[in-house]
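Input: a single structure, listed below in structure tokens.
The values are calculated or read from the model by the stated rules, or taken from the named source; none is laboratory data. What you are looking at is a predicted structure, and each value in this text was computed from that prediction instead of being measured. Here the Cβ positions follow ideal geometry from the backbone for every residue, glycine too, while neighbour counts run over all protein chains shown. Quick note on the areas: whole protein, heavy atoms, side chains included, nothing else; ligands and nucleic acids left out. Shrake-Rupley method; radii C 1.70, N 1.55, O 1.52, S 1.80 Å.
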Amino acid sequence: MHGLAVTTVEGIGSTKTRLHPVQERLAKSHGSQCGFCTPGIVMSMYTLLRNNPQPSVDEMEKAFDGNLCRCTGYRPILEGFKTFTKEFQCPMGDQCCQKMKTPKDSTDNGDSVQEQNQDLTTANTFTPYDASQELIFPSELQINDVYDKKDLVYKSARVTWYRPTTLDQLLKLKSENPDAKIVTGNTEVGIEVKFKNMLYPIIIAPTSIPEMTECSKTDSGLCFGGAVTLTEMEKFMKKFIEKLPAHRTKVFVAVVEMLRWFAGHQVRNVAAIAGNIMTASPISDLNPIWLAAGCNITVMSKDGGQRNIPMDDAFFQGYRQTVVKPEEVLLNITVPYTKQDEYFHSYKQAHRRDDDIAIVNAAMRVMFEPGTDVVKELSLAYGGMAPTTVMAKTTMKSLIGKHWNEDLMTASCQLLADDLPLSPGVPGGSESYRQTLTTSFFFKFYLTVLQQLEANKKDLPGQPESDPIGRPIVHKSALEQTTGEARYCDDTPKYEGELYLSPVLSTVSRGKIVEVDPSLALQQPGVVDYISHRDVPGSNITGPFADEEVFASEKVESQGYIIGAVLADDQQLARRAANMVKIRYEELEPIITIEQAIEANSFIPPSYKLENGDIEAGFKTSDHTIEGEVRIGGQEHFYLETQACIAIPKGEHGEMDIISGTQSPSDTQNMVAAALGVPNNRVVCHTKRIGGGFGGKESRSIIIAMAVAIAANKHNIPVRCMLDRDEDMVMTGTRHPFLARYKVGFTNEGNVMALTLDLYCNCGCSTDLSPSIMARAILHSDNCYRIPNVKLNGYMCRTNLASNTAFRGFGAPQGQFVCETWMTQIAKYLNINPEKVRELNLYTKGDKTPFMQDIEDNSVRYCWDEVKENSKYEKRKETIEEFNRNNRWKKRGLAMTTGKHGIAFGYHVLNQAGALVHVYTDGSVLLSHGGIEMGQGLYTKMIQVASRALSIPHEFIHTMETATNTVPNTSSTAASVGSDINGMAVLNACKVINERLEPYKKSNPEGEWKDWVNAAYTDRVGLSSTGFYKLVVTKYPLHLVSSGGLVVKHPALGANGRRIPDIGYDWKTNSGNPYHYFTFGVACSEVEIDCLTGDHTVLRTDIVMDVGKSLNPTIDIGQIEGAFVQGYGLFTLEEQRYSPNGFLYTRGPGSYKIPSFSDIPVEFNVSLLKGSSNPKAVYSSKAIGEPPLFLSSSVFFAIHDAISAARHDAGYDNYFTLHSPATAERIRMACVDQFTKQSNYMTCNIPFNIICDPEFRNMIKMLRPGYKPPTRHVTDGDLLDSVLSKIIEHMKTHLDGGDVTVVRDGWSGINNIPVIAGSDKSYFISTIDTGTNCVVSRNMILLCLRHRDTMLHVPRQNL
């Protein structure tokens, strides 16, 4: 940072002085919820304005490329900041149509939110932005460059960092230290040092060397110094794109377009061109462009002088290797101009469009003979298809001289397949998808160039703006969050002598601990201690069901299991030392998948069973039946603030303060006290706010608090821990993956008559909250549809993954997803619109659920009708059908889905809350309750409740924190009931205060609040009151049984539990009410998919949600949008990847992608149902946190609809199963065409997030189309004998040693799975004739592995 001026979010504005307009507008536009991401978003916008005081909307949206938010859904952020853009500044001033009130989105009384409240984006409600009033850049940096010309050297115990200022100095340093890393932005080396524990003793920064930081124009192209940043390169290229003729700048246009999806804005500001080239990543986004364009680089060394190197197919020598010598420095790169008759385009496919590493990328250049379509030159460069960026040399050579027509395209397919092979089991997996992308990219290039040749290029439609929604009562912490003043756990100032804890984690999924040796770690200066189970003074047991250990004592059950912890002076040292602890294991065979758990009979009791009606009669009265199987994957919480805790010993009586980022302060208090061996009253847990939770901090935060408290207790000194992202992801578990097998009976009209359903969930290595999650999944498997006869079973699978846990929706989205899947299958079977089947089966007045609860205040049909009308569903359906008829490689889909979410804790004891109200003599009120503020606006809503109850302005009321010494025995803030139960407790507390003040109000009716308070104080009347509320619904007890039903255990209960005659459901008799009421919603989404890549765009989403009488419509709408976008990630983007032994590959933002700004619907309309009321909750409101999440499945089923249109064009009209998430790979491979057939794609029923054993997959390759024996033609029998013997040997060795049976011509069809008594571990291999309808050929080998319910269908050409 030497010689630089640094401005932080605290420096641009404060609530104590003045807010910067960026901070104010974000807060007042309701763009901050949990607030942990807010400072970064503020500074991105502030930086944009400092560089461009009046940006365009497009520039504004691009400024957030590197920012992520998990709460808001992004829309309110963009809407608030649009007020800075040039498009918003209209000559009409306040009369501009954008600033007038528009009745687009409605609240409960039918008025628009804007009509009820001030328009949030009216310019006169915001402080005007004046760029001239910004902070002045330091004059000492403006008037001289002395800091830039100074040589710098910094040394530490391990690293020496140089910043030379001349090229000669740089060359000398590199000559003396050829292995030194030249670092500009540290975007690659920094990651290697932090996450791969790499050490680079010598680092050289070239940022002050003029020759390496210049951009220039030459006769042959644009020249960029090696240290030029990507942002500087982009700006320079854009300048010449505007100046030069279009035919000369096609490479520059491709680079600028690729940079739009290259990392984030912040990374591009510091990352350099040379760094991108020299790291030689095989998935670099720019290297294919440099190769295809024929760029040249200049390198230089002290002894070898200067030389020019062409970037061609010989430039990359191997993985992370180039032809540049170790002592050479990349001086510059020249990017050439293009010529007339030359065309250039680049392509990239990633899991997420922006800020994501590529799966496959490519750059393509073609030059034609002048005035013709005959290929003169062709360059095709690909990334992601080999250990290096490669060129398809055979294809390039073979297509020279050919006409640009269909014959060329047809020939290129096989040529590319030969040029770019992928062996099974290659790093990164997804071989078939990647091979398909190579031809798909070329096909896109072919079509684009063909259109340009025909001068018939079409423009894509722009993105419409959506109207702002909300009211001006903003989130109570919004201003502090925008200024950086809001404090989270790790913002707590460091205590004197404080130590940092870093956990030592298991690296095996299942095994016995043989030896732990921390000696090397303890030798490091600054390392204080190693903490293990031997240091626990109380109980080492943890978990809601007491089946986990804080520190593993004898065995580990998953990777990421805590074995011990290192205490050190700071975080970096602690983590480095933790990696030095040596652990020796006796490894055991792990169970990773649901199928493995089923085979091993590895279940967590109990199994759930729900039967209603007569299932046999239901199927008999059905005209048709369908069966199916579908999966939904897990989901990482990815809260922006990782798990964090500080433990502060008080020095006497075993007292300890815990500052924890938790949703469960009382459970944290209880478990920490148990670990320390002290009563609960010696431990106080404090939580100010948390930076997102979503259920991930309900139970999994507690083990971190226990470990930190044990260490603090041992040394009697404060101890702090905040997990790094990779630690958090590998330790804390996710949403439960589910597997469902169903059978449905229905009539000719589509009325559902019967359902049998088996649900299996992957619980991970402990019970945690899985029983309640499975119960809710079963109880939501009807979604919003009447099913008269059901038989539902739920099984919880114990595996050796990190224990999966609560996540927004808590099992309901999984059960609802299965329901909507078979609804779609029914519609396909009957050849009718899926929405007609859904509407036909919707609950009506008087219906009961399968668990016999009345559907009171059923509003789902009202929501359905309103969405259908608002979205213009029927008209758009016709438009989409017309679009699909006219477009082969782009398809659109439309879908409506419903959501019904039961409101109450599944465990009835938790349906209670407390509150504490203090009234002070100045009239101010301090409000405390048991709820945690985690971005959902709970503190704000509770202040509004108290404000109305006490009839005072909300500004009089403040909530400081949630702590167990103010409100004891709190329930977790979860299950969407935070407002319901805490709000009623607040009401009850305020009621007492009102009763005490009533005499003074009557005696002084003209007085004010402060007068009455002081009068009561003078009379010595108590001005503090507690409030308590418990949810009571039915007379039914919750029966506790040992098997066949719900087993309830909880730390607060004895071993046998206890019976409470409140809300509850009896699984044994199918009676009682598990829920207080239901929240309903309906969504309609339209998508467009790219059939060649699998990419998709959400064009429009309309939502109508029943929230009763909303406590705060802006907060509720924010919750709807945030939940929808989070659910969108669940159903389309977010996919976890494991190795077969349980290693988590997706353990950071580089490999695990949540939705970003560019993923939200182009048009996003949210309405609250008019005229709704809910007498069962505070002020007739309804719970809102979880219910909207499942509505994002409308995007998933719209994608399914679009894929169906693509398959129809290819001649496939049969129903197909689409598993969740609908990733780009899954979409692309479902759009069957000539390119997918060419890829040898295997339909594989193994879990899609398990990367298969490479050895086994290589054997399978021998059965694929195109396999040629090396010496002679073989017969069917020869092939089986030679190939299958190897597979059989592999099975016996690696797959539990089961018997192997070869069955020839033994089955009648590929869908029949033989079941032979006593042969659960047998493997069957058979050749069959699949009939004339087989796509590949009539002859097929069916390889069916009766192992872990896995079956592989392997196509084979003529044998």
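Test Ile952 against the stated conditions and say whether it is at pLDDT below 95, more than 29 Å from the chain's Cα centre (by Cα), assigned to a helix (DSSP H, G or I) and β-branched (Val, Ile, Thr). Spelling it out, it is not the case that Ile952 is at pLDDT below 95, more than 29 Å from the chain's Cα centre (by Cα), assigned to a helix (DSSP H, G or I) and β-branched (Val, Ile, Thr). Scan segment 517-542 for residues that are under 26 Å from Ala674 (Cβ atoms) and open to solvent by less than 50 Å² (accessible area, probe 1.4 Å) and the total you get is 11.
Within segment 971-986, the presence of a residue that is of a type in the set (Asp, Glu), farther than 18 Å from Asp667 by Cβ and open to solvent by 30 Å² or more (accessible area, probe 1.4 Å) is excluded.
Scanning segment 140-156 for residues that are of a type in the set (Ser, Thr, Tyr) and either within 16 Å of Pro206 (Cβ to Cβ) or modelled with pLDDT under 80 (or both) returns Tyr147, Tyr154. If I filter segment 992-1005 for residues that are on the phi > 0 side of the Ramachandran plot and of a type in the set (Gly, Ala, Ser), do I get at least one hit? The answer is no; no qualifying residue exists. Contact map, segment 396-415: first residue closer than 14 Å to Phe368 by Cα and at pLDDT 90 or above, second residue assigned to a helix (DSSP H, G or I) and among the aliphatic types (A, V, I, L, M), Cβ cut-off under 8 Å, separation 6 or more or different chains; pairs are Leu399/Leu408; Leu399/Ala411; Leu399/Leu415; Lys402/Leu408; Lys402/Ala411; Trp404/Val449; Trp404/Leu450; Trp404/Leu453.
Considering segment 400-453, and only residues there that are among the β-branched types (Val, Ile, Thr) and open to solvent by 10 Å² or more (accessible area, probe 1.4 Å), the residue that is farthest from Ala350 (Cα to Cα) turns out to be Ile400. If the condition is being of a type outside the set (Ser, Thr, Tyr) and within 27 Å of Thr1146 (Cα to Cα), then segment 1120-1134 contributes Glu1121, Gly1122, Ala1123, Phe1124, Val1125, Gln1126, Gly1127, Gly1129, Leu1130, Phe1131, Leu1133, Glu1134. Looking only at segment 26-46, how many residues end up being touching a Leu at 6+ places or on another chain (Cβ under 8 Å), part of a helix (DSSP H, G or I) and open to solvent by less than 10 Å² (accessible area, probe 1.4 Å)? The number of residues fulfilling the criteria is 5.
Scan segment 662-690 for residues that are touching a Lys or Arg at 6+ places or on another chain (Cβ under 9 Å) and either modelled with pLDDT under 95 or in a loop (DSSP other than H, G, I, E, B) (or both) and the total you get is 6. Only one of the numbered conditions (1) part of a helix (DSSP H, G or I); (2) within 23 Å of the chain's Cα centre (by Cα) is not met by Leu49, and that is (2).
Screening Gln572, Gln559 for residues that are farther than 24 Å from Asn716 by Cβ and either touching a Pro at 6+ places or on another chain (Cβ under 7 Å) or buried (at least 23 other Cβ atoms within 10 Å of the Cβ) (or both) leaves exactly one candidate, Gln559. Under 30 Å from Ile592 (Cα atoms), in a loop (DSSP other than H, G, I, E, B) and either at pLDDT 95 or above or within 35 Å of the chain's Cα centre (by Cα) (or both): does that describe Ser509? Taking the combined requirement at face value, the residue satisfies it.
Each row is one residue, and each column tells you yes or no for (1) of a type in the set (S, T, N, Q); (2) closer than 28 Å to Gln944 by Cα; (3) surrounded by fewer than 24 Cβ atoms within 10 Å (Cβ to Cβ); (4) at pLDDT 95 or above.
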{"position": "Tyr1065", "(1), (2), (3), (4)": "no, no, no, no"}
{"position": "Lys1068", "(1), (2), (3), (4)": "no, no, yes, no"}
{"position": "Glu1088", "(1), (2), (3), (4)": "no, no, yes, yes"}
{"position": "Met1105", "(1), (2), (3), (4)": "no, yes, no, yes"}
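Considering only residues in segment 168-189 that are open to solvent by 20 Å² or more (accessible area, probe 1.4 Å) and outside any loop (DSSP other than H, G, I, E, B), the one that is nearest to Leu330 (Cα to Cα) turns out to be Ile182. Within segment 579-605, being in contact with a Gly (Cβ under 9 Å, 6 or more places away or on another chain) and open to solvent by less than 10 Å² (accessible area, probe 1.4 Å) holds for one residue alone: Ile592.
Taking the conditions exactly as written (within 25 Å of the chain's Cα centre (by Cα) and not in a loop (DSSP other than H, G, I, E, B)), does Leu291 satisfy them or not? Spelling it out, it is not the case that Leu291 is within 25 Å of the chain's Cα centre (by Cα) and not in a loop (DSSP other than H, G, I, E, B). Among the candidates Pro813, Pro771, Pro788, the residue that is at pLDDT 95 or above and open to solvent by 10 Å² or more (accessible area, probe 1.4 Å) is uniquely Pro788. Looking at segment 356-371, is at least one residue outside any loop (DSSP other than H, G, I, E, B), touching a strand residue (DSSP E or B) at 6+ places or on another chain (Cβ under 8 Å), open to solvent by 30 Å² or more (accessible area, probe 1.4 Å) and not basic (Lys, Arg)? No, every residue in segment 356-371 fails to be outside any loop (DSSP other than H, G, I, E, B), touching a strand residue (DSSP E or B) at 6+ places or on another chain (Cβ under 8 Å), open to solvent by 30 Å² or more (accessible area, probe 1.4 Å) and not basic (Lys, Arg).
Figure legend. Inter-residue proximity from segment 176-187: first residues within 13 Å of Val270 (Cα to Cα), second residues of a type in the set (Lys, Arg), beta-carbon distance below 9 Å, spacing 6+ or different chains. Indicated pairs: Gly185/Arg268.
More than 16 Å from the chain's Cα centre (by Cα) and more than 30 Å from Glu1225 (Cα to Cα): is that true of Ser1085 in this structure? Against the criterion (more than 16 Å from the chain's Cα centre (by Cα) and more than 30 Å from Glu1225 (Cα to Cα)), Ser1085 does not qualify.
Checking each residue in segment 987-1010 for being open to solvent by 80 Å² or more (accessible area, probe 1.4 Å) and either touching a residue at least 24 places away in the same chain (Cβ under 8 Å) or acidic (Asp, Glu) (or both) picks out Lys991, Glu995, Arg996, Glu1006, Glu1008, Lys1010. All of (1) assigned to a loop (DSSP other than H, G, I, E, B); (2) open to solvent by 10 Å² or more (accessible area, probe 1.4 Å); (3) polar (S, T, N, Q) hold for Asn1165 with one exception: (1). Filtered by the rule that a residue be open to solvent by 80 Å² or more (accessible area, probe 1.4 Å) and in contact with a Lys or Arg (Cβ under 8 Å, 6 or more places away or on another chain), segment 190-209 gives Asn197, Leu199. Total residues in segment 311-323 satisfying the condition of being open to solvent by less than 20 Å² (accessible area, probe 1.4 Å) and not in a strand (DSSP E or B): the figure is 2. The set of residues in segment 749-761 that are open to solvent by less than 10 Å² (accessible area, probe 1.4 Å) and assigned to a strand (DSSP E or B) comprises Val752, Ala754, Leu755, Leu757, Leu759, Cys761.
Considering segment 606-625, and only residues there that are within 13 Å of Ile787 (Cβ to Cβ) and charged (D, E, K, R), the residue that is least open to solvent (accessible area, probe 1.4 Å) turns out to be Asp614. None of Asn51, Asn67 is without any contact (Cβ under 8 Å) to a residue 40 or more places away in the chain and either surrounded by 22 or more Cβ atoms within 10 Å (Cβ to Cβ) or not aliphatic (A, V, I, L, M) (or both) except Asn51.
Any idea which residue in segment 955-978 is farthest from the chain's Cα centre (by Cα), counting only those that are β-branched (Val, Ile, Thr) and outside any loop (DSSP other than H, G, I, E, B)? Selected residue: Ile957.
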